[in-house]
Amino acid sequence: FTTKDLELVNLKVADLKSLAMKNLSKIIPKIETRSGNGYYMVTAGGNYEASLILFESLWDGVQIKVDGDYVIAIPSRDVLLITGTKNKEGIKKISELAIKIVAEGSYHLTSDLFVRREGKFIKYEK
């Protein structure tokens, strides 16, 4: 959207995230969590996993419990891996998986890890 497009449909930039989240909530399949050895893999139909980082309810500590702050990998649109900052083995595992998925998989995004601090994800620095 350009600024002109937003004006044409009577939207403000500040309203876009809320509208996008409402639309995403309508189409996203059931969110499921699978526990690995020190990490979690979250699925949502195979196309929306990377978008799950936008769902605040997923990060309120109720659905997924980790040791420390959330550390995530979103190596492709269909993979979301989660562990905690105090779980060094979990961090190592999701980092290795992210690197492998970016190198070998489809629809790759990044092998970087991200940590959730003060309600936002920022790049995780080891």
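The values are calculated or read from the model by the stated rules, or taken from the named source; none is laboratory data. Predicted, not measured: the structure shown is a model, and the values here were computed from it. We place every Cβ from the backbone using ideal geometry, glycine too, and count neighbours over all the protein chains shown. The protein model used for the area step is the full one, side chains on, heavy atoms only, and it has no ligands, DNA or RNA in it. Shrake-Rupley method; radii C 1.70, N 1.55, O 1.52, S 1.80 Å.
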Single match in Asp60, Asp112 (criterion: modelled with pLDDT under 95 and of a type in the set (Asp, Glu)): Asp60
Of the residues that make up segment 30-41, is at least one under 21 Å from His108 (Cβ atoms), in a strand (DSSP E or B) and open to solvent by less than 90 Å² (accessible area, probe 1.4 Å)? yes
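Hey, does segment 68-86 have a residue that's among the polar types (S, T, N, Q) and touching a helix residue (DSSP H, G or I) at 6+ places or on another chain (Cβ under 6 Å)? Reasoning before the result, please.
So the first thing to find is which residues in segment 68-86 are among the polar types (S, T, N, Q), and the list is 76, 83, 85.
Retained after the next criterion (residues that are touching a helix residue (DSSP H, G or I) at 6+ places or on another chain (Cβ under 6 Å)): 76, 83.
Among the residues of segment 68-86, at least one is among the polar types (S, T, N, Q) and touching a helix residue (DSSP H, G or I) at 6+ places or on another chain (Cβ under 6 Å), which makes the answer yes.
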For segment 10-29: of the residues being assigned to a loop (DSSP other than H, G, I, E, B) and open to solvent by 80 Å² or more (accessible area, probe 1.4 Å), which is nearest to Leu52 (Cα to Cα)? Lys12
Identify, please: which residue in segment 44-69 is free of Cβ contacts under 8 Å to residues at least 40 places away in the same chain and aliphatic (A, V, I, L, M) and is, among those, most open to solvent (accessible area, probe 1.4 Å)? Val62
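Within the group Ile28, Ile72, Ile101, which residue is closer than 30 Å to Leu6 by Cα and among the hydrophobic types (A, V, I, L, M, F, W, C)?
Working: Ile72 fails: closer than 30 Å to Leu6 by Cα; Ile101 fails: closer than 30 Å to Leu6 by Cα.
On inspection, the qualifying residue turns out to be Ile28.
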The residue from Ile101, Ile72 that alone is open to solvent by less than 80 Å² (accessible area, probe 1.4 Å) and not in a strand (DSSP E or B) is Ile101
